[in-house]
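What follows is calculated from the coordinates using simple rules that are stated; it is not laboratory data. Please read all numbers here as calculations on a predicted model, not as lab measurements. Quick reminder, even Gly has a Cβ in these numbers, built from the backbone with ideal geometry, and neighbours come from all protein chains shown.
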Amino acid sequence: MRIVVAGATGVVGRQIVPMLSAAGHEVVALSRRPGPGTGSIRTVAVDALDREALGDAVREARPDAVVHLLTAIPGDINPRRMERDFALTNRLRTEATRTLAEAARDAGGARLIAQGLAYAYEPSYGQGALAAESDPFWEHPPKEWATSLAALEELERLTAAADGLVLRFGHLYGPGTAYAADGATARQILAGKMPVVGDGGATFSFVHTFDAASAVLAALARPEVTGALNVVDEDPATVGDWLPATAALLGAPAPKHVPTALARLAAGAWGVAFMTRLRGATNARARKVLGWTPAHPSWRTGLVTG
C-alpha cells in the first residue's frame, strides 16, 4: 500500500514510518521540515495548517491510507494554561483533520486512521471499571481542558464521517515523550516537583510508542474496522502507584503528598483532575478486532528507561 503519514517526525511517527517500510509499504512522510528519503520512504515538507498545501500533498500522493498523527504538544505544559499550550494541537485536531479527510476522499477514498486519546472518558461513569470505547467522554470537564476535549470530539466526528478509525492512545511513553528519562515528567520527578495529589486516584493507562505504532500497522491490515479503539497496555495504575514507582526507577526522592486544595492553587482544576480523576481504559476490543497485543504489556519495565 501507499500510505501518507502526517506527523511523521512525532514520537509515534518516528516509530511507524520505518515499521511501514519494513512491512513493504510505500510511505509518503509529511512533516514541517524536509528530510532525506530512503528506499520506499519519500519525505514531503508541508505546513499542516496550510489547507491547500496539505490537501495537495495528500492528493498528489494518491494513497491507499492516510495516518493522522499531527500534534504540537509543548515539552513543558502549564496545566493552568492548557488553552494556550494546546492551541496549535487543537487546530491540528480540527482544521488539519478536516483537510486530511477531504483530501483522502478526493484521492480515491483513502482510508483515514487518526490519533485520539484514551483518557478523555467521563470519570464518574462505569463505577470504577476500565473505560470501553462505547463509554461517554467527559461531560463537564475542567474549563482549562474544555477546548482540548472539544477538539478531540471534532477529530472523532470528522474521522467517523469519513468511515475512518480513531486509535485512542493511552499516556505515551518511550523515546522523545514526556516520560522518557530526559522528558519533562522525569525532570519534574527528579526535581521533587511532581507530588501525589490527594489520594492519587487517577488511573493511567500507558502505552509505549512502539506499541502505538504497531497498532496502526495492525489497523491498516483491517480496513473493515472503523469507529474507535483504545490502544493501551495491560497494566493500568493509579498515580499513587506509578508515580512513586517511577521515582524509585529514576533514583529520585519519594514524591511528596499534597492536599487537593493546595494543588488547585498551583495547578488549577485540570491539574488536580489529571492527578485524581482520570479513568483507565481497556484494550480488549483492539486485541479482539485487530489481533494486536502490546510488546510492552506493562509500563513498569520501561516507563523512563525505554
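Annotations
- Charge-dipole axis of region 237-306 as Lys and Arg at +1 and Asp and Glu at -1 on Cβ define it, positive-most pick from Pro259, Leu303, Trp292: Trp292
- Listed by chain and number, the aspartates and glutamates whose C-alpha is less than 16 Å from the C-alpha of Lys193, apart from same-chain residues fewer than 8 away, are Asp76, Asp182.
- 3J(HN,Hα) couplings calculated from phi for region 286-296 with the Karplus curve 6.51 cos²θ - 1.76 cosθ + 1.60 (θ = phi - 60°) are, in sequence order, 4, 4, 6, 8, 9, x, 9, 9, x, 5, 10 Hz; Gly and Pro show x.
- Using Cβ point charges alone (K and R +1, D and E -1), the dipole size of region 215-289 about the Cα centre works out to roughly 220 debye.
- A Cβ-based charge dipole, computed about the Cα centre of the chain with Lys and Arg at +1 and Asp and Glu at -1, lands at about 420 debye.
- Farthest positive-ward along region 47-195 dipole, Cα basis, beta-carbon charges - from Ala161, Leu49, Thr89: Thr89
- Structure-derived Cα extents along the principal axes in Å - corresponding label in (i) 46, 41, 39; (ii) 55, 42, 34; (iii) 55, 36, 36: (iii)
- Selected from Arg93, Arg33, Arg157 as most flexible by GNM, with the chain as the system and alpha-carbon contacts under 10 Å: Arg33
- Assuming charge only on the beta carbon of Lys and Arg (+1) and of Asp and Glu (-1), the dipole of region 149-306 about its Cα centre is about 280 debye to the nearest 20.
- In sequence order, calculated HN-Hα J values of region 223-235 (Karplus, 6.51, -1.76, 1.60; Hz; x Gly/Pro): x, 7, 7, 10, x, 8, 9, 7, 10, 9, 7, 9, 10
- In terms of its C-alpha gyration tensor, region 67-154 has an oblate overall shape, because the principal axis ratio a/c (a ≥ b ≥ c, square roots of the eigenvalues) is not below 1.5 and a/b does not outweigh b/c.
- The overall shape of region 124-217, judged from the alpha-carbon gyration tensor, is oblate: a/c is not under 1.5, and a/b is no greater than b/c.
- Dipole of region 173-243, positive end: most advanced residue of Val232, Ala186, Ala212 [Cβ charges, Cα centre]: Ala186
- Taking every full run of DSSP H in the chain, none both stretches at least 30 Å from end to end by Cα along its long axis and averages 1.0 or higher on the Kyte-Doolittle scale.
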